[in-house]
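Before any comments, here is the structure.
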Amino acid sequence: MLAALGLDAAEEKAYRLLVAGGDATLEELLPGAGTTRAELTDSLAGLVGRGLATAQPSPAGDGVVRFAPAPPAIALAGLLRSRHDDLRAAELAIAALAETYRSASAGRTAADVIEVITDVDGVRHRFTQLQEGAREEVLSLVVPHLSVVPHRENAAGDDCLRRGVRYRAIIDRRVLDQPGAVGDVIDSAAAGQEIRVVDRVPVKAVIVDREVAMLPLRHNQHTAHASVLIHPSGLLDAMLALHDVLWERGYPLLPGAGAGAGTGAGADIDEVDGRILALLLSGLTDQAVAGKLGLSLRTVQRRIHQLMARAGVGTRVQLGWHAARKGWA
């Protein structure tokens, strides 16, 4: 009840014991305090420090200290006034900060947060600039049928990787249905991109160093060239949160997945098996995997059964766990 005045539960209980019983020693208070000797000592010291109790040597001269409560109407009223003063000072400080914020915001325009680019060449140029200026990290959300800067034409992204910039991409599963996309994705993972696959990516975007984002200008027009740049703002925070949530949900394609036998963690399976596993664990059906890799359905299923036998597992779920553990995919 007295927490609003700065007392913790132990201090309040000690004060109530003193008020109810009058002056007392630590030993006399200890049975009713419900705390250890050390905790009660700290509580009494806190009361003395706040002016809610006094500590005086016992008249008997035996070195024992007796504690007496300060009158509640006086001591607590003083604390209450102090709290009122603190709250009033905080209220004035908030008002001053709000006025400072209003003054600073008066000169801001929407252009400080959002930059609109409508011509295709401008979009391509700015997309390249963003990646060339990346210092630490590039985050991307990839949707099907990119046309302004197709994956194979993104030389700036390759340069990012060579400079040691971390590149994290989240891919819409439908991207894997596009001709040549499977090879491109696996090659990108082998080159060092961190890639995860989700069922749906709601909007294409690239976010550089968590400071600026580029995404479509118009609703549900992911392949149109008109774009917006989002600078630090609530909008950018929302885009970062979206990427973080999707990243947590996505299935990871491990670096080097399907890169071929004889190198890396997946050296004990060949390139075809690695690609089958990567696609299978990304959510594609056996038939879809066969179509993407130009194999027969029977060949894909035979290889999956062989991988299960090699891993010593009985289900595909167990195969996925084993593949992740061994770096097969």
> Can you give the angle from 0 to 90° between the axis of helix 234-249 and the longest principal axis of the chain, with both taken from C-alpha atoms, to the nearest 10?
Replying inline: 70
> What is the calculated FRET efficiency for Val313 to Arg162, with r their C-beta to C-beta distance and R₀ = 41 Å, to the nearest 0.05?
Replying inline: 0.60
> Hey, can you rank 209-215, 18-24 by average C-beta count inside 10 Å, highest first?
Replying inline: 209-215, 18-24
>> So if I take the centroid of the Cα atoms in the stretch 272-307 and the same for the stretch 62-95, what is the distance between those two points in Å?
In response: 74
>> Just to confirm a number: summing +1 for Lys and Arg and -1 for Asp and Glu over residues other than Val300 whose beta-carbon lies under 15 angstrom from that of Val300, what do you get?
In response: +2
> Taking the structure as given and computing Rg/Rh (Cα atoms, Kirkwood Rh), which label from [x] 0.99; [y] 0.94; [z] 1.29 fits?
Replying inline: [z]
> So what's the back-of-envelope 222 nm ellipticity for the chain, counting only DSSP H runs of four-plus at -39500 (n - 2.57) apiece and dividing by all residues, rounded to 500?
Replying inline: -15500 deg cm²/dmol
> For the pair Ala238 and Ala96, how long in nm is the line joining their label points, each one 7 Å along Cα→Cβ?
Replying inline: 3.5
> Can you work out ³J(HN,Hα) from phi for every residue in the stretch 18-31, in order, using Karplus 6.51 cos²θ - 1.76 cosθ + 1.60 and θ = phi - 60°, giving whole Hz and x for Gly and Pro?
Replying inline: 5, 4, 6, x, x, 5, 7, 8, 4, 5, 6, 7, 4, x
> Which FRET efficiency, nearest 0.05, do Val272 and Glu137 yield, Cβ-Cβ r, R0 25 Å?
Replying inline: 0.15
>> Can you say what percent of the DSSP beta bridges in the chain, counting only those with both residues inside, are antiparallel? Round to 5.
In response: 70
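Every read-out reported here was derived from the displayed coordinates using simple, explicitly stated rules and does not represent laboratory data. These numbers come from a predicted model, not from an experiment. In this analysis, Cβ positions are derived from the backbone assuming ideal geometry, glycine residues included, and neighbour counts consider all displayed protein chains.
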